[in-house]
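For reference, the structure is listed below as structure tokens.
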Amino acid sequence: MRARRLVSIEPYRMDVEEYDLAEVPPAGQLLVEARVTAVSAGTEVANYRGITRNRQTDPTRPYYPGYSFAGRVLAVGAGVTAFRLNDRICGMVNHFSHGYADPARVCLIPEGVTDEQAAMSTLGIIVLNAVRKPGIQLGESVAVVGAGLIGQFAVQLARLSGGRPVVSLDFLGARRELAARNRADAALDPNEPETASRLESLAPGGFNVVFEATGSNLAVNPALKLAARGGRVVLLGSTRGLVDGFDPYGDVHLKGLTVIGAHITTHMEAANLASRWTPLANRAVILDLIKRGDLDVDSLISHRVAPGEAAAVFDGLTHRQSEFLGVVFDWSRRS
């Protein structure tokens, strides 16, 4: 069969290519058809720009983006028992119309969850993994620096985890308004003169937990300064690049801060006595929260586009980030 997929063969280029695909999947694999795939802008744009390590060392290596998929099963490879023909599934699969999926990286979509919502669940598990790491207790103050897609998830999940108050910080008014609609106790502009006094009134002495969710190295130092003595700062935004002016003594050592890295790969690989929160376990929680209406992902989707618009989308995510929030590709559309 003929299938389509996104591919970047060099930095700052994104194409849709057709390729041949056997209709019988390899043993242990699924043949799947995409309905919707969502963009994880931090990782995918970094690879698109060529700043991720494997693209720097081998610039001729094609990059096939995507790991936020929702679709259905078309065929089941030998040895696969957990899925059947026409099952609706979501998980960590590339941006393509048809292809193969690892059954260990996907799960069934519950009734009552749309394809778009299910595709967004990978972004949800990235943030839920990060929200679990500082062990937020009911009544602890939380600040989220950045109200982009990841920051919006962080506000909602931190509040569901017991954060009180949960404060969102962003320069863009529309993003602050969205964070407020999604139950941030305050959504503030860091540039406003009264913000410092508002923060002090909301969390005297600083915040117990701070999430850096911008992906900008310029936001790391301000995130550290927001934290209270003994607080925890979670680096969630996949910041690339060095942090100028970092003061480990003044901002970390004297305050007794714990700085936590929260990349998706820091999930537990397998459940154990210490933690059962594997990617699939976290995904089940995210899908259940969506189904119950406790987690709003529909409001986080700003663009619904055809795969043929991928070049324009990735250019926009690179050069006009403020215009975008969540982006999903509808694979039923060609242009």
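The values are calculated or read from the model by the stated rules, or taken from the named source; none is laboratory data. Since we're looking at a predicted model, the values are computed, not measured. Reconstructed Cβ throughout: ideal geometry from the backbone, glycine too, with neighbour counts over all protein chains shown.
Yes/no per residue for (1) of a type in the set (A, V, I, L, M, F, W, C); (2) out of contact with any strand residue (DSSP E or B) (no Cβ under 6 Å at 6 or more places or on another chain):
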{"position": "Met1", "(1), (2)": "yes, yes"}
{"position": "Ser8", "(1), (2)": "no, no"}
{"position": "Pro11", "(1), (2)": "no, yes"}
{"position": "Ala34", "(1), (2)": "yes, no"}
{"position": "Ala46", "(1), (2)": "yes, yes"}
{"position": "Ala78", "(1), (2)": "yes, yes"}
{"position": "Asp87", "(1), (2)": "no, no"}
{"position": "Gly91", "(1), (2)": "no, no"}
{"position": "Ala101", "(1), (2)": "yes, no"}
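Selection of segment 315-335 for residues being within 22 Å of Asp170 (Cα to Cα) and of a type outside the set (S, T, N, Q) yields Gly316, Leu317, His319, Arg320, Glu323, Phe324, Leu325, Gly326, Val327.
Restricting to helices (runs of 4 or more DSSP H) lying wholly in segment 114-223: which have 2 or more residues that are under 17 Å from the mean Cα position of the chain (by Cα)?
Details: elements: 115-119, 121-132, 149-160, 173-181, 195-202.
By residue number, 115-119, 121-132, 149-160, 173-181.
For segment 20-41, the condition holds for no residue, the condition being that it is within 30 Å of His319 (Cα to Cα), free of Cβ contacts under 8 Å to residues at least 24 places away in the same chain and not in a helix (DSSP H, G or I).
Taking segment 149-191 as the search range and keeping residues that are of a type in the set (Gly, Ala, Ser) and crowded, with 24+ Cβ neighbours inside 10 Å, which one is nearest to Glu212 (Cα to Cα)?
In the first step, residues of segment 149-191 are kept if they are of a type in the set (Gly, Ala, Ser); the result is 151, 154, 158, 161-163, 168, 173-174, 179-180, 184, 186-187.
Still in the running and crowded, with 24+ Cβ neighbours inside 10 Å: 151, 154, 158, 163, 168, 179, 184.
On the way: Gly151: 8, Ala154: 10, Ala158: 13, Gly163: 16, Ser168: 11, Ala179: 15, Ala184: 16 Å.
Checked segment 149-191; the qualifying residue nearest to Glu212 (Cα to Cα) is Gly151.
With respect to Arg229, is the statement that it is under 21 Å from Ala147 (Cβ atoms), in the same structural domain as Ala158 (by TED's automatic domain parsing), out of contact with any Phe, Trp or Tyr (no Cβ under 9 Å at 6 or more places or on another chain) and charged (D, E, K, R) true? When the stated conditions are applied, Arg229 does not pass them.
Scan segment 277-285 and give yes if some residue there is in the same structural domain as Glu17 (by TED's automatic domain parsing) and farther than 26 Å from Ala3 by Cβ, otherwise no.
Taking segment 277-285 first, the residues in the same structural domain as Glu17 (by TED's automatic domain parsing) are none.
No, every residue in segment 277-285 fails to be in the same structural domain as Glu17 (by TED's automatic domain parsing) and farther than 26 Å from Ala3 by Cβ.
Name the single residue that is surrounded by the most Cβ atoms within 10 Å (Cβ to Cβ) among those in segment 5-19 being more than 22 Å from the chain's Cα centre (by Cα) and not in a loop (DSSP other than H, G, I, E, B). It comes out as Val16. Hey, does segment 86-99 have a residue that's crowded, with 18+ Cβ neighbours inside 10 Å, of a type in the set (Gly, Ala, Ser), free of Cβ contacts under 8 Å to residues at least 60 places away in the same chain and part of a loop (DSSP other than H, G, I, E, B)? Looking for residues that are crowded, with 18+ Cβ neighbours inside 10 Å, of a type in the set (Gly, Ala, Ser), free of Cβ contacts under 8 Å to residues at least 60 places away in the same chain and part of a loop (DSSP other than H, G, I, E, B), one finds none in segment 86-99, hence no.
For segment 209-230, how many residues are crowded, with 20+ Cβ neighbours inside 10 Å and not hydrophobic (A, V, I, L, M, F, W, C)? Adding up the residues that qualify gives 3. For segment 122-148, the set of residues classified as farther than 26 Å from Ala219 by Cβ and surrounded by 24 or more Cβ atoms within 10 Å (Cβ to Cβ) is empty. Select from segment 42-65 the residues that are out of contact with any helix residue (DSSP H, G or I) (no Cβ under 9 Å at 6 or more places or on another chain) and either not in a loop (DSSP other than H, G, I, E, B) or not assigned by TED's automatic domain parsing to the domain that holds Phe324 (or both) and write down the one among them that is modelled with the lowest pLDDT. If we take residues in segment 42-65 being out of contact with any helix residue (DSSP H, G or I) (no Cβ under 9 Å at 6 or more places or on another chain) and either not in a loop (DSSP other than H, G, I, E, B) or not assigned by TED's automatic domain parsing to the domain that holds Phe324 (or both), then Gln56 is modelled with the lowest pLDDT.
Please determine, by comparing only the residues of segment 295-325 that are hydroxyl-bearing (Ser, Thr, Tyr) and modelled with pLDDT of 95 or more, which one is farthest from Glu177 (Cα to Cα).
To start, the set of residues in segment 295-325 that are hydroxyl-bearing (Ser, Thr, Tyr) comprises 299, 302, 318, 322.
So of that shortlist, the ones also modelled with pLDDT of 95 or more come out as 299, 302, 318.
Details: Ser299: 11, Ser302: 14, Thr318: 23 Å.
My answer is Thr318.
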